[in-house]
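The structure under discussion appears below in the form of structure tokens.
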Amino acid sequence: MAFVHLHVHSEYSLLDGACRIKEMAKYAKEQGQSALAITDHGVMYGVIDFYKACKAEGIRPIIGCEVYVAPRTRFDKVHKLDNSPYHLILLCENEAGYHNLIQLASAGFIDGFYHRPRVDEELLRAHSEGLIALSGCMVGQLPRLLRNGDLAGAVELAKRYADIFGKDHYYIEIQDHGIPEEKQVLPLLREVSRQTGIPMAATNDVHYLRREDAHTQRVLMAIQTNQVVGQEGNLELSTEEFYLKSEEEMNALFADYPNAVENTAKIADRCRVEFAFGEMKLPKFTAPNGQDNESYLRALAAAGMKRRYGTPDKEAEERLSYELSVITRMGYVDYYLIVHDIIDFARSAGIPVGPGRGSGAASIVAYAIGITDVDPMKYRLLFERFLNPERVSMPDFDIDFCYERRGEVID
């Protein structure tokens with residue numbers, strides 16, 4: 001495979017992308033594609049569905065995003081100065097890259113949102129590890145500089161981004177959808193590549209699967225912009241070339257740029273992010289004073305039994321020992337400690353906490369360490385309703401916090 005699509009907008013590029021994810025993966029396979037990227041505008045909503053759809057079709061999913069880069073900083077939000085962000089393609093090379101892309105996408109909404117979620121160079125530099133960047137479409141900063149006649153500025157920008165992402169992690173993206181402006185910029189992008197030594201990568205800005213789907217995408221854009229299809233001055237794509245082209249079509253289109261086509265396959269081969277489903281993932285809990293977590297839980301429980309019962313009887317001691325063995329064997333030591341930590345914080349801050357309810361109230365360990373205030377021995381509650389070796393799903397403690405200060409606990 002000498003070409004892979006690295007710039008693709010699914011239905012999750014809302015009211016812009018017309019590629020249904022399941023159809024997209026299936027059609028890519030029909031086209032002979034061995035891998036396929038998802039690069040929705042500023043969001044990663046579609047990543048999991050895309051991953052599963054690609055795996056079902058036997059093609060490798062490449063996780064990415066077309067982020068919006070603020071013209072100044074992500075905190076600047078002045079009309080006319082800051083409402084035309086640049087586009088930049090980011091692809092996850094590995095798990096570190098995926099985590100960094102999540103950080104960027106979240107920060108784009110939390111800190112940088114102004115019409116759209118935006119990041120800036122500061123964020124990109126802080127979260128560049130494991131990411132491969134493409135310079136973007138005609139709305140990218142590099143093509144904009146070239147359209148304005150600033151070749152020297154474009155060269156300096158390319159060098160800066162190559163420095164941000166590191167050697168072999170930044171590519172000059174070239175496209176040709178039959179648009180005059182692209183024809184004008186193509187040789188200039190090649191010149192930037194020549195002067196900097198930064199390789200090129202050829203992409204098609206895919207917004208729909210087949211040429212005949214162009215009208216559907218126009219309708220979506222008309223809805224988004226509250227305009228009539230075909231109305232002069234609207235933002236619809238000006239040609240019908242934004243579809244998932246075959247390798248043969250891309251080779252013919254970029255016959256004068258063969259390395260740029262081959263580079264897409266080389267990039268795709270480096271992008272290998274795998275997701276594991278059905279695994280329990282908990283935050284890491286670190287016990288104080290260098291203790292291991294199991295010993296710490298046992299010490300908390302032993303102290304709590306004295307506080308709750310004075311001198312516990314044999315039945316209560318046996319119940320405690322049994323529960324701790326099940327909790328340890330099933331891997332829920334950290335879960336108990338995390339919930340204890342949350343509730344301990346709430347009580348120390350004077351935030352009212354409920355006594356516990358549901359099956360979690362049946363645990364004497366939870367009662368001993370203060371997660372619940374219901375004595376399971378007194379009410380003959382069955383621990384197995386909460387946790388037992390046959391349980392498949394993760395247990396959960398039902399805890400109530402004062403609604404007025406619940407936000408402090410979440411924070």
Check your understanding: Among the listed residues GLY360, GLY407, GLY356, which satisfies the condition of being farther than 23 Å from ARG308 by Cβ and within 36 Å of the chain's Cα centre (by Cα)?
Key -> GLY407
Check your understanding: Of all the helices (runs of 4 or more DSSP H) wholly in segment 213-323, which have at least 3 residues that are of a type in the set (Asp, Glu)?
Key -> 247-253
Review point. For segment 303-343, what are the residues that are among the β-branched types (Val, Ile, Thr) and more than 26 Å from PHE401 (Cα to Cα)?
Key: THR311, VAL326, THR328
Exercise for review: Hey, can you tell me all the residues within segment 200-218 that are at pLDDT below 90 and either over 19 Å from ILE21 (Cα atoms) or of a type in the set (A, V, I, L, M) (or both)?
Suggested key: ALA214
**Study point:** Subset of segment 111-137 [among the hydrophobic types (A, V, I, L, M, F, W, C) and either crowded, with 20+ Cβ neighbours inside 10 Å or within 22 Å of ILE62 (Cβ to Cβ) (or both)]
**Key:** VAL119, LEU123, LEU124, LEU131, ILE132, ALA133, LEU134, CYS137
**Study point:** Residue within segment 324-338 that is surrounded by 11 or more Cβ atoms within 10 Å (Cβ to Cβ), in contact with a helix residue (DSSP H, G or I) (Cβ under 9 Å, 6 or more places away or on another chain) and part of a loop (DSSP other than H, G, I, E, B) present
**Key:** yes
Check your understanding: Got at least one residue in segment 331-341 being farther than 30 Å from PHE277 by Cα and modelled with pLDDT of 95 or more?
Key -> no
Exercise for review: Read through the list (1) surrounded by 21 or more Cβ atoms within 10 Å (Cβ to Cβ); (2) within 19 Å of the chain's Cα centre (by Cα), then give the number of the only condition that HIS41 fails.
Suggested key: (1)
Check your understanding: In segment 269-295, which residues are surrounded by 14 or more Cβ atoms within 10 Å (Cβ to Cβ) and touching a Phe, Trp or Tyr at 6+ places or on another chain (Cβ under 9 Å)?
Key -> VAL273, PHE275, PHE285, ALA287, ASN293
**Study point:** Enumeration of residues in segment 12-28 that are more than 16 Å from the chain's Cα centre (by Cα), modelled with pLDDT of 95 or more and not aromatic (Phe, Trp, Tyr)
**Key:** CYS19, ARG20, ILE21, GLU23, MET24, ALA25, LYS26, ALA28
Check your understanding: Failed condition for ILE179, given (1) under 22 Å from HIS41 (Cβ atoms); (2) crowded, with 19+ Cβ neighbours inside 10 Å; (3) of a type outside the set (Ser, Thr, Tyr), with all others met?
Key -> (2)
**Study point:** Criterion (assigned by TED's automatic domain parsing to the domain that holds ARG405, closer than 30 Å to GLY407 by Cα and either in contact with an Asp or Glu (Cβ under 6 Å, 6 or more places away or on another chain) or not hydrophobic (A, V, I, L, M, F, W, C) (or both)) met by exactly one of VAL365, VAL374
**Key:** VAL365
Revision key, fill the gap. The correct count of residues that are of a type in the set (D, E, K, R), closer than 19 Å to TYR98 by Cβ and not in a loop (DSSP other than H, G, I, E, B) in segment 18-72 is 5
Review point. Would you call GLU23 acidic (Asp, Glu) and free of Cβ contacts under 8 Å to residues at least 60 places away in the same chain?
Key: no
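The values are calculated or read from the model by the stated rules, or taken from the named source; none is laboratory data. Fair warning: this is a prediction, and the values are worked out from it, not measured in the lab. Note that we place each Cβ from the backbone using ideal geometry, even for glycine, and neighbour counts take in every protein chain shown.
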